[in-house]
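Below: one structure, written as C-alpha cells.
The values are calculated or read from the model by the stated rules, or taken from the named source; none is laboratory data. These numbers were taken from a predicted model, which means no experiment stands behind them. Cβ atoms come from the backbone with ideal geometry, glycine included; neighbour counts cover every protein chain shown.
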Amino acid sequence: MLVIHRRIDPQPLWAAELHLNFEARSKSRLRCFSAAGEDVGLFLERGQPPLRDGECLHAEDGRIVRVCARPEQLLHVTCANSFELTRAAYHLGNRHVALQVGDGWLRLLDDYVLKAMLEQLNATVEAIEAPFQPEHGAYGGGHHHSRHGDEDFNYPPKLHQFGMRS
C-alpha cells in the first residue's frame with residue numbers, strides 16, 4: 001500500500017495520480033486507488049482544507065503523487081444580472097451549500113430540490129459534468145467545533161459542559 005502523510009506544493013513531475021471527487025478530497029483519512037490501480041492510504045493532518053486539483057502529496061516511499069479533481073454531476077447557475085446571481089448565492093449560502101464561484105456563475109453539486117429553488121428565483125440552471133472546487137470558507141478552517149490550537153478563541157459552549165453550574 002502506498003502510504004501518504006504529507007501535502008506539498010505542486011511539483012513539475014510526479015510518479016502517481018489520485019483521481020478523487022470533492023467528498024474524497026475533503027477527507028483526511030481515506031483508502032483509495034491510484035489511477036494505475038495501486039492501493040493508497042491517506043493519513044493527512046486533520047483540520048486542513050480539502051485537497052485541490054493539481055496539489056501534490058509526498059508518499060512514505062518518496063514518490064510524489066498528484067491530486068486530480070474527478071468530474072462530478074453539477075448544477076451550473078447563471079442569472080440575467082448580478083443582483084439575481086447575488087440573490088441565488090445568498091439563498092444557497094443560507095442553506096450551507098458548498099458553492100464554487102466563478103465570474104458570472106455559480107456551481108454546486110446536483111440536487112433537484114436546490115435546482116427547483118434556483119429556478120423559482122429565475123436562475124438559469126444547467127446540468128454539467130466538471131471538477132468541483134467550492135470555496136473553502138471565509139475563516140479558512142471550514143465548519144468545526146474543535147478549538148485545538150485556537151487558544152485565543154477557546155470558549156466551548158456551556159451547553160456541553162455537563163455537571164457544571166453557572
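For this structure, a couple of remarks:
- Test: residue in the range 44-52 that is closer than 24 Å to E129 by Cβ, in a strand (DSSP E or B) and either touching a helix residue (DSSP H, G or I) at 6+ places or on another chain (Cβ under 6 Å) or not assigned by TED's automatic domain parsing to the domain that holds N122 (or both): no
- Selection of the range 81-135 for residues being within 18 Å of the chain's Cα centre (by Cα), without any contact (Cβ under 8 Å) to a residue 24 or more places away in the chain and outside any helix (DSSP H, G or I) yields R95, V97, G102.
- Test: residue in the range 91-105 that is acidic (D, E), surrounded by 12 or more Cβ atoms within 10 Å (Cβ to Cβ) and either assigned by TED's automatic domain parsing to the domain that holds A24 or at pLDDT 95 or above (or both): no
- Looking across the range 16-41, the residues that are under 14 Å from C68 (Cβ atoms) and outside any helix (DSSP H, G or I) come down to A16, E17, L18, H19, L20, N21, C32, F33, S34, A35, A36, V40.
- Those residues of the range 1-29 which are over 15 Å from H58 (Cβ atoms) and of a type in the set (A, V, I, L, M), in sequence order: M1, L20, A24
- The range 10-25, residues that are modelled with pLDDT of 95 or more and within 19 Å of the chain's Cα centre (by Cα): E17, L18, H19, L20, N21, F22, E23, A24, R25
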